[in-house]
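Asker: Structure below; questions to follow.
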Amino acid sequence: MKNRAKQLAVLGMTAALIFSNMSIDASAASSNKVKTVLPQAGITYALGDNQVSLSALQQSVDENSPKTDNSSSVSTSKEANSEIANSSAVTDETPLASTITENILKDIQSATGAVISKKDGASEGASTAEEAEEERFKSLVIAKVNDYVNVRNLPSEEDGEIIGKLYDKSVGTFIEEDNGWYKIKSGTVEGYVKAQYCVTGEDAVELAKEVGTRIATVTTTTLKVRSGPGLDEEVLGLVPIEDELVVEEELDGWVKVSIEEGDGYVSLDYVTLSTEFVEAESKAEEEARLAKEKAAREAAQAAARKGTSKNAESSGTASYNSASSYTTDTSSIGSAVSQFAQQFVGNPYVYGGTSLTNGADCSGFVMSVYANFGVSLPHSSGADRSVGAAVDGLANAQPGDIVCYSGHVAIYIGNGQIVHASTAATGIKISNADYRTVLAVRRIF
């Protein structure tokens, strides 16, 4: 009787584990949602959760520039890597639930002699999730034009009033077809677009994978990015909470992401995944956005002219020119930002730092440079993707523009180059702007 009771208990545990795995698969599949985002100045861009709005810039222009931290020290690349790997302030990954489950399954197999195939179930779940995603993509309508296609309230160019714009590579949800027109729902806009300028159904499946950006948002205070999908792998770099990383590949319990130090892996326990698509913008939304951008740009320019910091940082025997020395009546403020930033080349990179002399990370560097011009920016590379106004790619970038990458941000200095706080090994340096895939270019002035 005792042996039979033990066997029943073990079988009960097996069933619970199998069903719990099924519920996990279902939850993972349903979390793949589309975020609502809007284009800027006719250019598509992805706006993540919890990003700082442009209103924060306008509210801060009359405030004093934030002070920088001069307490950080310079370390060699070897010491920096050792510090990253051993820092007690860094949140490390805990063992995956799947690892624990696998060990329990082994114990059950040893006790009962039963063969439990978890791999087959996981494969089936992954296949089902992929099929469900493809079905969802078939219901999308994706614009395939040079700039944008008008959204009208009626399926007619003569009688239909323009109520919004669906920009190139933007998406909407298919409702119905009406004599060469697609009725769609995209963002706050519901109306008709000419079918000849869009794709849907089977043709939309592959295009959706290209135009959609898979994003991993960090949910822990400081996340270690590792060289491989395992807790014993070398730490490549650190990423702060709420930063957004572009997903290169999805694995079992891990995702491959791109950071400044290279491609690495992060645990799914400490990120949330989402797919970002750009949606239509209504006429009212476009007018409100343009007015807001204009007001914020004027406020920033006024702050830079009147409130530019008169004192630059100094460290040891080194001294630096103030931002005001670069701001003249004949030069643009963007050029002044670029020139001011370049004088700090050679100074150290320090994770979490904001000191232009003693050490800053990428977003801390951009934030502190702009603070000297009376502009308050967030200390987050992901949030920098939504400040200012969008610029149509590097080809149209101007000195002073903010260039955003996956997990990284820099300042454009002209001639196809950027200045940025790169890594602990290289510090603040100048690089070619196209050395990595650019996610967005943003303009403050």
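The values are calculated or read from the model by the stated rules, or taken from the named source; none is laboratory data. Given the structure is predicted, the values throughout are model-derived calculations rather than measurements. Glycine also receives a Cβ, built like all others from the backbone with ideal geometry; neighbour counts cover every protein chain displayed. Keep in mind that these areas ignore ligands, DNA and RNA; they rest on the heavy atoms of the full protein, side chains included. Shrake-Rupley method; radii C 1.70, N 1.55, O 1.52, S 1.80 Å.
Asker: Under the condition of being aliphatic (A, V, I, L, M) and within 13 Å of Lys169 (Cα to Cα), which residue from the range 206-225 is surrounded by the most Cβ atoms within 10 Å (Cβ to Cβ)?
Answerer: Ala208
Asker: Condition test on Ser406, is it under 22 Å from Ile241 (Cα atoms) and either touching a Lys or Arg at 6+ places or on another chain (Cβ under 9 Å) or crowded, with 24+ Cβ neighbours inside 10 Å (or both)?
Answerer: yes
Asker: Among the residues of the range 158-190, write down those that are among the acidic types (Asp, Glu) and free of Cβ contacts under 8 Å to residues at least 24 places away in the same chain.
Answerer: Pass one, the range 158-190, residues among the acidic types (Asp, Glu): 158-159, 161, 168, 176-178, 190.
Passing the criteria: Glu158, Asp159, Glu161, Glu176, Glu177, Asp178, Glu190.
Asker: What are the residues in the range 240-252 that are of a type outside the set (D, E, K, R) and surrounded by fewer than 17 Cβ atoms within 10 Å (Cβ to Cβ), if any?
Answerer: Scanning the range 240-252 gives Ile241, Leu251.
Asker: Of the residues Gly180, Gly228, Gly201, only one is among the small types (Gly, Ala, Ser), more than 26 Å from Glu131 (Cβ to Cβ), touching a helix residue (DSSP H, G or I) at 6+ places or on another chain (Cβ under 8 Å) and surrounded by fewer than 18 Cβ atoms within 10 Å (Cβ to Cβ); which?
Answerer: Among Gly180, Gly228, Gly201, only Gly180 is among the small types (Gly, Ala, Ser), more than 26 Å from Glu131 (Cβ to Cβ), touching a helix residue (DSSP H, G or I) at 6+ places or on another chain (Cβ under 8 Å) and surrounded by fewer than 18 Cβ atoms within 10 Å (Cβ to Cβ).
Asker: Do you know which of the residues in the range 340-349 that are open to solvent by 30 Å² or more (accessible area, probe 1.4 Å) and touching a residue at least 40 places away in the same chain (Cβ under 8 Å) is nearest to the chain's Cα centre (by Cα)?
Answerer: Ranking the qualifying residues of the range 340-349, first place goes to Tyr349.
Asker: In the range 339-431, which strands (runs of 3 or more DSSP E) lie fully inside it and hold 3 or more residues that are among the hydrophobic types (A, V, I, L, M, F, W, C) and out of contact with any Leu (no Cβ under 7 Å at 6 or more places or on another chain)?
Answerer: On the way: elements: 402-405, 408-414, 417-421.
The strands (runs of 3 or more DSSP E) meeting that bar are 408-414, 417-421.
Asker: Scan the range 417-432 and tell me whether some residue there is within 28 Å of Lys292 (Cα to Cα) and at pLDDT below 95.
Answerer: no
Asker: Any idea how many residues of the range 255-287 are farther than 25 Å from Glu210 by Cα and open to solvent by 60 Å² or more (accessible area, probe 1.4 Å)?
Answerer: 4
Asker: Also, I was wondering about something else. Filter the range 145-169 down to the residues that are of a type outside the set (A, V, I, L, M), within 32 Å of the chain's Cα centre (by Cα) and farther than 13 Å from Ser282 by Cα and list them by number.
Answerer: Hits for the range 145-169 are Asn146, Asp147, Asp168, Lys169.
Asker: Restricting attention to the range 138-148, which residues are surrounded by fewer than 20 Cβ atoms within 10 Å (Cβ to Cβ) and either outside any loop (DSSP other than H, G, I, E, B) or in contact with a helix residue (DSSP H, G or I) (Cβ under 7 Å, 6 or more places away or on another chain) (or both)?
Answerer: Those that are surrounded by fewer than 20 Cβ atoms within 10 Å (Cβ to Cβ) and either outside any loop (DSSP other than H, G, I, E, B) or in contact with a helix residue (DSSP H, G or I) (Cβ under 7 Å, 6 or more places away or on another chain) (or both): Lys138, Lys144, Val145.
Asker: If I ask for residues that are within 27 Å of Gly353 (Cβ to Cβ) and either free of Cβ contacts under 8 Å to residues at least 60 places away in the same chain or not acidic (Asp, Glu) (or both), which ones from the range 232-246 would you list?
Answerer: Glu233, Val235, Leu236, Gly237, Leu238, Val239, Pro240, Ile241, Leu245, Val246 - these are the residues of the range 232-246 that are within 27 Å of Gly353 (Cβ to Cβ) and either free of Cβ contacts under 8 Å to residues at least 60 places away in the same chain or not acidic (Asp, Glu) (or both).
Asker: Would you pick out the residues in the range 183-198 that are in a strand (DSSP E or B) and open to solvent by less than 30 Å² (accessible area, probe 1.4 Å)?
Answerer: Within the range 183-198, Ile184, Ser186, Val189, Gly191, Tyr192, Val193, Cys198 meet the criteria.
Asker: To continue, here is another question. Only one of these conditions is not met by Ile162: (1) exposed (fewer than 14 other Cβ atoms within 10 Å of the Cβ); (2) under 18 Å from Val278 (Cα atoms). Which number is it?
Answerer: Among (1) exposed (fewer than 14 other Cβ atoms within 10 Å of the Cβ); (2) under 18 Å from Val278 (Cα atoms), the lone unmet condition for Ile162 is (2).
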